[in-house]
Amino acid sequence: MNSQILAKINGFVKNRLIELTGAILSLISIFLLISLLSYSPSDPNFIYNPENVEINNFAGFYGSVVSDFFLQAIGLISFFVVINFFIWGIKLLTKKKINNFVTKPFFTIAYIIFGSIFISSFSDDSFWLIDNGNGGFLGNMLKEKIYLFPYLQENLYFGYFFLLISVIFFILSLDLKLNEIF
């Protein structure tokens, strides 16, 4: 009888910790979305931090720093990371179990890399992300390394390959089943 009570307590605590993790992931994704949507290049960040500057970011100083870091590092792919965090959080809240714990971060990193390269290659000019462009620092750096091979610079199929791979990895990182989509 004591082992049954301990098993029930263990299951209860485990489920609450998983739900707490899901709630935290969902709240982080909402904070990131608000921060990214209200990003302003004139807000303080890691490098530029003047004292008497009005912060335009709705999430305040921390939102301006986090949004600048995400957008300057990986560019517009940051919005897909927000979607990942939100869906992972909701799945943890509803299903109360963690599936594919190792593969989800791998797929996420893969689509961030390929998506940043794609965006940096095809739509790098930005009025909003003036320092590193739409692909971010990662996309610009990897694009320069990949395009050292001259036959890849003018090959549109190579760019579409990056788009296709990033979309596939994004869908795999969400771990969605067809019956959950439709």
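The values are calculated or read from the model by the stated rules, or taken from the named source; none is laboratory data. Keep in mind the model is a prediction, meaning the values are calculated, not measured. Heads up, the Cβs are rebuilt from the backbone with ideal geometry, glycines too, and the neighbour counts pull from every protein chain shown. Heads up: the accessible areas ignore ligands, DNA and RNA and are worked out on the full protein's heavy atoms, side chains in. Shrake-Rupley method; radii C 1.70, N 1.55, O 1.52, S 1.80 Å.
Tabulated values for the structure
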| quantity | calculated |
| --- | --- |
| Residue within region 20-36 that is open to solvent by 80 Å² or more (accessible area, probe 1.4 Å), assigned to a helix (DSSP H, G or I), within 30 Å of M141 (Cα to Cα) and not aliphatic (A, V, I, L, M) present | no |
| Every pair of residues 6+ apart whose Cβ atoms lie under 6 Å, when the first sits in region 21-40 and is free of Cβ contacts under 8 Å to residues at least 60 places away in the same chain while the second is in a loop (DSSP other than H, G, I, E, B) and exposed (fewer than 15 other Cβ atoms within 10 Å of the Cβ) | I34/F58; S38/F58; S40/N56 |
| Near pairs, Cβ below 7 angstrom, 6+ apart or cross-chain, from region 2-19 (at pLDDT 85 or above) to any residue that is assigned to a helix (DSSP H, G or I) and open to solvent by 80 Å² or more (accessible area, probe 1.4 Å) | none |
| Sole residue being part of a loop (DSSP other than H, G, I, E, B), open to solvent by 70 Å² or more (accessible area, probe 1.4 Å) and under 30 Å from G133 (Cβ atoms), chosen from Y48, Y39 | Y48 |
